[in-house]
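None of the figures in this text is laboratory data; all of them are computed from the coordinates on show. Worth saying up front: this structure is predicted, and the values here are computed from it rather than measured. Here the Cβ is made from the backbone with ideal geometry for all residues, glycine too, and neighbour counts use every protein chain on show.
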Amino acid sequence: MKITGYRVEQYLMKMDRLVGDANLPSGVEMLPGSILYLETDEGLTGISFGYGGGAVEGLFGLIEGADPREVVALWIRMNDFLHKAGNEGAACAALSAIDMALWDLKAKIAGEPLWKTLGAKEGRVKAYASGLDYCLSDEELFAFYRRMAELGIDGGKLKVGLDLKADLRRLGIMRDALSIASPRPVLMIDSNEYWSPKQAVRYIRRMEQHFELRWVEEPARRWDYHGLRLVSQQVAAKVASGENLHTLADVYPLIANQAVDVINVWTGQSGVTGLRQIAHMAHAHGLQVSMMNAQANYMAQIAAALPNHNMMEVVDPGREHCLRWDNRIEDGYIVLGDAPGFGIEIDEQKLRELQAHPPTGRGKFPFPRREGAGRYIVPPAPGEVPWRRG
Amino acid sequence: MKITGVKVTRRMHETNALAGRLAESCCIVMLSTDAGLTGIGIADAGVRAPVRRLVADMLVGADPRSVTGIWQRMMDAQSASHPGKVLSRAIAVLDQALWDLKAKANHEPLWKSLGGAPPTANAYASSIGLSLGDEELSAWFLRMARDHGLRGGKLRVGTEESGDARRLERMRAALAEATPEPVLMIDADHGWSVKQAIDRVRAMEQQFDLTWIEGVSRDRDARGLKQLSDAICGAVCVGKGFATIGEFLPHLQRRSADVIQIDINTIGITGALQVADAAFGLELPVTLSAAPGNVHAHLAGVMPYFMSIEIVDPEPVTRLFTSGVRIVDGWAVAGDAPGNGLVLS
């Protein structure tokens, strides 16, 4: 089988609700989507999702005519090709998207779901709920985590960082909502790099007087291994980071310097091949990884095969407008079906409708860093979030 | 597809296709499935009992395509007690037989199932495990250089100093048939302390450009091996015989290994892939120690920082099995037959 061509489709989605964190607590509801189709001479098409649209052209020559089953060797070829300029930015996004689509093809050629191609024993991944919820009212917050708890999910990750008193109240709301799934729900927080390391230590230690936290995510900047290690040493919770680093080479200093306890992984980290490298290096160091949220939870296919995966983030804000998928959440686990590859099909008609009539709505992902980050806290202004009345 | 059982041949003495301490006796492990496919692996004969037990306890009924998950389960089941060498080899050979089945189920060679390109793996000749006198040593490396184009050689050292130098020169001179600058490696077979090794290697390095030294001191002495690495020009190579990813950790933390050696006879293919990714994080070159039938050549194309594979026998001289791997012009080339290419005679 040979790769013969590719096609990129880009579109805009309006999610079912707003999503927001410390950097933009008011949230956004618009999300750009992109789909890469890799075509073959035997009619099979590999697909992937992400933001790699623009730069695929620069790498496609390296895989044109190649057998998609040789995906890891093709990854090495693309990575070597990017030697001088670096596997960074748009090039990294394109490499990631191509690698994902190649893995989708490899599994489809074998007629099996990707988790099986990757050697997993079962297509089943423990889930935790993540509300991306700074923009939700207290009532909406409870409703989200209660809905997740009704699916058996017993862990939650709250967006925090701007208002300690409100964060503590909302942690309690999240815990209460999840308590129907477990008498001791797993609680996590995420401040999305809004704090300095020392701000993080002060803030988290005050939270830990009231709650046991499993992990604190991005309590300092993504590359700051001194800062992240300092937080890890001074709080009881684990430190999680890595979602904004995109290669094994970028993650290595965090591992080597004992700066993180959990590494967030996803396909934007140089594809399935690249994120698996990160997971394997973490595994060698006795560290766990956690898969990021994904449209239709497609990344659970990969998480199922990682030896050191703890649980995967489930967000569920409504991003599946033109997707059909073969998985479900049951008893707190993402259960993958037998559909080949990622198990995702594209509803081409819906896609064309979205492209022909782009929806409109508030804001657009991704959003910038908030004022004061790393120096001083700017709490939500009255009316900026529903839980801070105007 | 489901595993239905295993057949293990009796102890066989004929083959000499096994590496180093794998000893002269081996057995062939054959995993059978309800699809009629058979997965093959070759191991030290000591694994016969644990292989049967592992298959009965954990493999029967499992889908071999889930090989990485099965490997993890076999490893986790041993984690309460550190698995002994025999048990490690049993898990490793089953992992190889499972990968053989996974590739056969896909009607493709193992290298392709792993995601690799057709491998042409940089290979070197290793006289480790062979008891060769001076003349035999020269003749053996000469054959490796002339018939197979091998440009590198590994020699066991550690006896008396002048003998080591004399034999190193014989190896170098023989390999010079293939290249003006042969790649020289030595294995001290754990016969030296760190300070002794520094002393001896420094003396050798006045005469020879050594690519790496392995088998110094204790494998777990990361501090000592770092001390050695800091004191000599050549690389310190660590990992032969390691059976768990955890054994590599102190060497990754202390950077006491300059080259990571992976032994698929003890850590399996699944473990080898994990270690190779971890090594890539530090950009440490990965070399694969010898394997029966040179099936380790299949892994070369899928390791991002692959360096070389060890060849003890370019062709299995035994009549027990054939291998699809050929050594041509210094490169190991894996074939296109489904699976790992091992075929029983």
Using amide H atoms built 1.01 Å from N in the peptide plane, name the residues 5+ places from B:G239, or on other chains, whose amide H lies under 5 Å from its own.
B:Q261
Whole-Hz Karplus couplings 3J(HN,Hα) for segment B:231-238, θ = phi - 60° and coefficients 6.51, -1.76, 1.60, Gly and Pro as x, run 9, 10, 7, x, 7, 8, 10, 9
Grab the other residues whose beta carbon is less than 13 angstrom from that of B:W212, score K and R as +1, D and E as -1, and report the net.
-4
In peptide A:62-72, what is the residue-averaged number of other protein chain Cβ atoms found within 10 Å of each Cβ?
4
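Grab the beta carbon distance between A:H210 and A:A90, set R0 = 56 Å, and tell me the FRET efficiency rounded to 0.05.
0.80
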Leaving out same-chain residues fewer than 8 places away, which aspartates and glutamates sit with a Cα under 15 Å from that of A:K350?
A:E9, A:E320
On Cα atoms only, tilt of A:164-178 relative to the major axis of chain A in degrees:
60 degrees
Please compute the average number of Cβ atoms from other chains found within 10 Å of each residue's Cβ in peptide B:60-67.
4
To the nearest 10 degrees, how steeply does helix A:71-81 sit against the main Cα axis of chain A, on a 0 to 90 scale?
80 degrees
Between the alpha carbon centres of segment A:311-328 and segment A:162-224 the gap in Å comes to 25 Å
Go ahead and run the numbers for FRET between A:R202 and B:A231, Cβ-Cβ distance against an R0 of 45 Å, rounding to 0.05.
0.45
Degrees, to the nearest 10: A:225-234 long Cα axis against longest axis of chain A
40 degrees
Counting only DSSP beta bridges with both residues in the protein assembly as shown, tell me the antiparallel percent, nearest 5.
50 percent
Anchor B:K2: lysines whose Cα lies under 21 Å away (excluding residues fewer than 8 positions away in-chain)
A:K108, A:K116, A:K121, B:K102, B:K104
What span do the alpha-carbon atoms of the protein assembly as shown cover on each of the three principal axes, reported in whole Å from largest to smallest?
93, 55, 49
